[in-house]
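Before any comments, here is the structure.
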Amino acid sequence: MTYNFDELPDRRKSECIKWHAHDEDVLPMWVADMDFISPEPVIDALHDRITHGVFGYPRVMPELEDVIVARLADLYQWQIQPEDIVFTPGVVKGFNLACQVMDEPGGGVLVNPPIYHPILDAPKNAGMYRQDVELTLVDDGSYQIDWAALESAITEQTRLFILCNPHNPVGRVFKQDELERMAEICLQHDITICSDEIHCDLIFKGHRHIPIATLDPEITQNTITLMAASKTFNLAGLQCSFAVIQNPDLRERYKHAGKGLVSWVNLIGMVATEAAYRHGQEWLDELMLYLEDNRDYAYDYVNNRLPGISMSSPEGTYLAWLDCRKSGIEESPHNFFLEEARVAMNDGAAFGRGGDGFVRLNFGCPRSLLTDALKRMQSALHTL
C-alpha cells in the first residue's frame, strides 16, 4: 500500500490541541504530534473494538505484551519477558514515576538541557532537585555530552539520570561509545538510569538506535527504559506507553510508586498500540522516507533562505532545532515568528539552559504546510 502523506487532514474539526492553541491564521508547527492519518490497520482495529460496544475495565492485553517482546528482540536483539513490562498512560508519567521510585526527598537528578521540558519539572515533582549538565553545542550545530561537566555535577545525593535518546529537541541519536560512557559513570556512582526512548523508531539513515539497557547485563539491572508507539504512529492522544524494567526489585518499586495514581492504561490505547506494532511497519517505512525528505528540505531552506538562522540535521525525531541568535531578532524568536509570520513553534527557552534564542519546529507534516511555514518565516525576517 502507498500512503498519502501529502494529505492534510482538517484537525480543526477535532479536539486537537495543536490546531486550537492559537488563532486560525497561525500555522501550528509546535507540539510533537504529526499531521498525518495513522496507519489503516490501526484504524481498522479501533473500529473493530468499538463495534463490540462494551468498554469496561481492561486487563493488560497478552497480545500486546507478546508483540512488544517480539519487537524488541527483532529490532535490538533485546530479550525480555512479559513480566518486565509495566504499562503507563504516557512517558511523562513514566519518568515522573522514576523520580518517585528514588523515594529520597532532596536527592539529585541529572538531566542534559536543552531538553524536553516536562523532564525539567520531574525532579521537583518528587521533592528532588535537578542537576543540569548542559549539552555542548559544537561548530557544526550538533551537540555533544560534556563529560567533565557530567562527572563534576555528580554528588553523594545524585540518585537518577534521566536520559533522552533520541534527544528532544536537539535530534541527537547517541552512539554506542557515548552510551557506554554514560552507563559506566552511572554504575560507578550507583545512579539509576531512566531512559526516555519514545522517539526510538524515528531514526534516519546512517544512524542506529541502541537502548542503553542492552549494552551489558549490569546496565540492564540499573535501567528503566520508557517507550511507546505514540510518536511513531501518531497515537499520543490514546495515552499508552510502557516501561521495560528487568530488575525485579526496581520494577516492584516502580509499580508501588504508581499505587492509587496509575492503575491501568487506556483500553483503546492498548488496542491501537498492538495493531501498530503488529501491522504498521509498511506505513512506518513510508513515513520515514517522507520525514527524511522533509528534514532535508527544511535543512536546505533554513540554512540558505532564512538569514541569520541555522539548523543542524537531526539524526532522529521529526523536530528541527533552529538557532536564531544571529538573525537580528531582538525579542524572543518564538514571539517574533508567532506575531510577524503567524507561525507557532516551541520557544527554546522552555527547554532549559542553552535554549534561549532557539525555536523547535515540527516537520512531521505534509510538505505543503512545511513550505508555507518556512516562506512565512522568510518574509518576516525580511522586515528586520
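Worth a mention:
- Across region 23-42, the qualifying residues are those that are in a loop (DSSP other than H, G, I, E, B) and of a type in the set (A, V, I, L, M), and the one among them that is farthest from the chain's Cα centre (by Cα) is 26.
- Residue match in region 171-191 (condition: closer than 30 Å to residue 40 by Cα, at pLDDT 95 or above and not charged (D, E, K, R)): yes
- Counted residues, region 71-83 - those being assigned to a helix (DSSP H, G or I) and farther than 12 Å from residue 227 by Cβ: 4
- Residue match in region 267-274 (condition: open to solvent by less than 50 Å² (accessible area, probe 1.4 Å), touching a residue at least 40 places away in the same chain (Cβ under 8 Å), of a type outside the set (Gly, Ala, Ser) and not in a helix (DSSP H, G or I)): no
- Within region 1-34, if we keep just the residues that are free of Cβ contacts under 8 Å to residues at least 60 places away in the same chain and polar (S, T, N, Q), the residue that is surrounded by the most Cβ atoms within 10 Å (Cβ to Cβ) turns out to be 14.
Conditions tested, residue by residue: (1) open to solvent by 40 Å² or more (accessible area, probe 1.4 Å); (2) within 15 Å of the chain's Cα centre (by Cα).
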site: 180; (1), (2): yes, no
site: 198; (1), (2): no, yes
site: 203; (1), (2): no, yes
site: 208; (1), (2): yes, no
site: 213; (1), (2): no, no
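- Top-ranked residue of region 307-323 - restricted to ones that are among the small types (Gly, Ala, Ser) and in a strand (DSSP E or B), ranked as surrounded by the fewest Cβ atoms within 10 Å (Cβ to Cβ): 310
- Residue ID - surrounded by the fewest Cβ atoms within 10 Å (Cβ to Cβ), chosen from residues in region 283-306 that are without any contact (Cβ under 8 Å) to a residue 24 or more places away in the chain and not hydrophobic (A, V, I, L, M, F, W, C): 304
- Here is the figure for region 128-143: residues that are open to solvent by 20 Å² or more (accessible area, probe 1.4 Å) and closer than 16 Å to residue 111 by Cβ total 5.
- Flag if residue 175 is open to solvent by 10 Å² or more (accessible area, probe 1.4 Å) and touching a residue at least 60 places away in the same chain (Cβ under 8 Å): no
- For region 94-110, the condition holds for no residue, the condition being that it is surrounded by fewer than 21 Cβ atoms within 10 Å (Cβ to Cβ) and in contact with an Asp or Glu (Cβ under 8 Å, 6 or more places away or on another chain).
- Filtered residues of region 35-61 (kept if within 17 Å of residue 86 (Cα to Cα) and open to solvent by less than 50 Å² (accessible area, probe 1.4 Å)): 58, 61
- Flag if residue 339 is in contact (Cβ under 8 Å) with a residue 40 or more places away in the chain, part of a helix (DSSP H, G or I) and open to solvent by 10 Å² or more (accessible area, probe 1.4 Å): no
The values are calculated or read from the model by the stated rules, or taken from the named source; none is laboratory data. This is a predicted model, so every value here is computed, not measured. Backbone-built Cβ (ideal geometry, glycine too); neighbour counts: all protein chains shown. For the accessible areas, the whole protein counts, side chains as well, though only heavy atoms, and no ligand, DNA or RNA atoms are used. Shrake-Rupley method; radii C 1.70, N 1.55, O 1.52, S 1.80 Å.
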